[in-house]
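The values are calculated or read from the model by the stated rules, or taken from the named source; none is laboratory data. Keep in mind that what you see is a predicted model, and the values were worked out from it rather than measured. Note: ideal-geometry Cβ built from the backbone for every residue, glycine included; neighbour counts use all protein chains shown. The protein model used for the area step is the full one, side chains on, heavy atoms only, and it has no ligands, DNA or RNA in it. Shrake-Rupley method; radii C 1.70, N 1.55, O 1.52, S 1.80 Å.
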Amino acid sequence: MNQATRILVTGAGGFIGHHLVNRLKAEGHWVRGVDLKYSEYQASAADEFEIRDLRTWEECLNATRGSIGAVYNLAADMGGIGYITAFHAAIARNNILINAHMLEAARRQDVKRFLFSSSACVYAQSKQKDADVVPLREEDAFPAEPEPGYGWEKLYAEELCRYYWQDYKFETRIVRFHNVYGPLGTYDGGKEKAPAAICRKVALAPDGGEIEVWGDGEQTRSFMYVDDCVEGLLRIMASDYHDALNLGTDELVSINQLVDLVSEVAGKRLTKRHNLNGPQGVRGRNSDNSLLRKTLGWQPSILLRRGLALTYPWIQQELRAAGHIGATEQASAA
Ligand SMILES: NC(=O)c1ccc[n+]([C@@H]2O[C@H](COP(=O)([O-])OP(=O)(O)OC[C@H]3O[C@@H](n4cnc5c(N)ncnc54)[C@H](O)[C@@H]3O)[C@@H](O)[C@H]2O)c1
């Protein structure tokens, strides 16, 4: 995309969308951000920021008006495992409406490229039953057996993107994110993901105290720092690849190891109290990046330890500013 491209980012008030807008602005693009809400932690750098409910057709037409060249469609009703397992009907309905309307509105408005943000939740659950999981290749999404609600909707919207390319030659890109984390991400309120939730729990616990971990903590995941995520988004949008691509790291850790890493970054010794009734999601999930490397000649490379060392101090600072951590406690992050 050249410098003159006008870009729409939906979900720009959210975590990844906010970082993406910053990066696009830094590269000289004109950017419109659209969301149900403003960014919670920092003003958006977008040239225009509009509050719109993209579940409606009219608002999708409005959002895509005015010679938009590229759409990054990141708007979604989503959250961590606690949230997506609790609200199947609302999440599936809201996201079906957003994605179907946004795709058609972008096509009608003659947008040149459309990127859909899918998820590793599309992968067949029977292939994720072992903590020592075989990394997931793109074809492992079929035969379809995704996460109920959220995963089914993402997989269906992926199909819709493929149909738009097949039938209309509408230029779609499909990105399957694997667990993105970093500063400016939700860390409380019920929609937070595991890294942010654990950073919050560790920040609030006294040294020598204990924190609650959902499940036995042996469930495994890979986690991608948000700067790698944004870099991958730009590269996939610029590529000629129309089918789904993983965007994640293949650095597999258990949730217990994640807790240990955050504790180390925080300089605290903590005991884990496992809540076996807490939602855990699939037993193991990792990203196979072979196709990503082949297609882009690139893959995410920021190690989890380094990403957490950038994320934990931000969450700690937020909690301190909100009065949840004593003002006398010293920042101990590495
Ligand atoms: N963060 C991750 O680890 C992860 C993993 C897999 C997939 N994804 C996908 O990436 C995208 C961005 O995720 P995120 O982590 O930034 O989430 P986020 O919740 O921070 O951002 C999503 C944004 O969409 C907005 N939104 C929801 N409903 C809307 C509506 N009806 N109209 C307009 N805006 C609406 C929300 O207000 C929110 O600001 C989403 O599509 C998500 O499903 C994220």
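Against the definition (assigned to a loop (DSSP other than H, G, I, E, B), among the charged types (D, E, K, R) and open to solvent by less than 40 Å² (accessible area, probe 1.4 Å)), how does residue 147 come out, yes or no? Outline the logic, then answer.
On the way: assigned to a loop (DSSP other than H, G, I, E, B): yes; among the charged types (D, E, K, R): yes; open to solvent by less than 40 Å² (accessible area, probe 1.4 Å): yes.
Yes, satisfied.
Residues are listed down the side, and each one gets a yes or a no for (1) touching a Cys at 6+ places or on another chain (Cβ under 6 Å); (2) hydrophobic (A, V, I, L, M, F, W, C):
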residue: 151; (1), (2): yes, no
residue: 156; (1), (2): no, no
residue: 176; (1), (2): no, no
residue: 181; (1), (2): no, no
residue: 184; (1), (2): no, yes
residue: 190; (1), (2): no, no
residue: 197; (1), (2): no, yes
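Yes or no: residue 27 within 11 Å of the ligand (Cβ to nearest atom), out of contact with any Lys or Arg (no Cβ under 6 Å at 6 or more places or on another chain), of a type outside the set (Lys, Arg) and on the phi < 0 side of the Ramachandran plot?
Numbers: within 11 Å of the ligand (Cβ to nearest atom): no; out of contact with any Lys or Arg (no Cβ under 6 Å at 6 or more places or on another chain): yes; of a type outside the set (Lys, Arg): yes; on the phi < 0 side of the Ramachandran plot: yes.
When the stated conditions are applied, residue 27 does not pass them.
Quick one: is residue 162 within 15 Å of the chain's Cα centre (by Cα) and within 25 Å of residue 125 (Cβ to Cβ)? Quick ask: steps written out before the conclusion?
Details: within 15 Å of the chain's Cα centre (by Cα): no; within 25 Å of residue 125 (Cβ to Cβ): yes.
Judged against the criteria, residue 162 is not a match.
Starting from residues that are more than 10 Å from the ligand (Cβ to nearest atom) and in contact with a helix residue (DSSP H, G or I) (Cβ under 6 Å, 6 or more places away or on another chain), keep the ones in the stretch 214-234 and report whichever is farthest from residue 270 (Cα to Cα).
The selected residue is 230.
Restricting attention to the stretch 167-183, report how many residues are near the ligand (Cβ under 8 Å from one of its atoms) and open to solvent by 20 Å² or more (accessible area, probe 1.4 Å).
2
Can you report the number of residues in the stretch 255-280 which are more than 19 Å from the chain's Cα centre (by Cα) and modelled with pLDDT of 95 or more?
18
Hey, residue 36 hits all of (1) aliphatic (A, V, I, L, M); (2) over 16 Å from residue 232 (Cβ atoms); (3) touching a helix residue (DSSP H, G or I) at 6+ places or on another chain (Cβ under 8 Å); (4) within 14 Å of the ligand (Cβ to nearest atom) but one; which does it fall short on?
(3)
Can you report the number of residues in the stretch 184-207 which are open to solvent by 20 Å² or more (accessible area, probe 1.4 Å), away from the ligand (no atom under 11 Å from the Cβ) and touching a strand residue (DSSP E or B) at 6+ places or on another chain (Cβ under 9 Å)?
Going through the stretch 184-207 one residue at a time, the tally reaches 2.
Picking from 154, 129, which residue would you name as being assigned to a loop (DSSP other than H, G, I, E, B) and either among the charged types (D, E, K, R) or touching a Pro at 6+ places or on another chain (Cβ under 8 Å) (or both)? Write out each step before concluding.
Numbers: 154 fails: assigned to a loop (DSSP other than H, G, I, E, B).
Going through 154, 129 in turn, just one is assigned to a loop (DSSP other than H, G, I, E, B) and either among the charged types (D, E, K, R) or touching a Pro at 6+ places or on another chain (Cβ under 8 Å) (or both): 129.
In the list 199, 161, which residue meets the criterion of being closer than 22 Å to residue 92 by Cβ and touching a residue at least 24 places away in the same chain (Cβ under 8 Å)?
Working: 199 fails: closer than 22 Å to residue 92 by Cβ.
Selected residue: 161, the only one of 199, 161 that is closer than 22 Å to residue 92 by Cβ and touching a residue at least 24 places away in the same chain (Cβ under 8 Å).
Under 9 Å by Cβ, and 6 or more places apart or on different chains, what pairs join a residue from the stretch 114-143 that is over 14 Å from residue 243 (Cα atoms) with one that is more than 16 Å from the ligand (Cβ to nearest atom) and of a type in the set (Lys, Arg)?
Listed by first residue and then by second, the contacts come to 128/283; 129/283; 130/283; 131/283; 133/127; 133/283; 134/127; 136/127.
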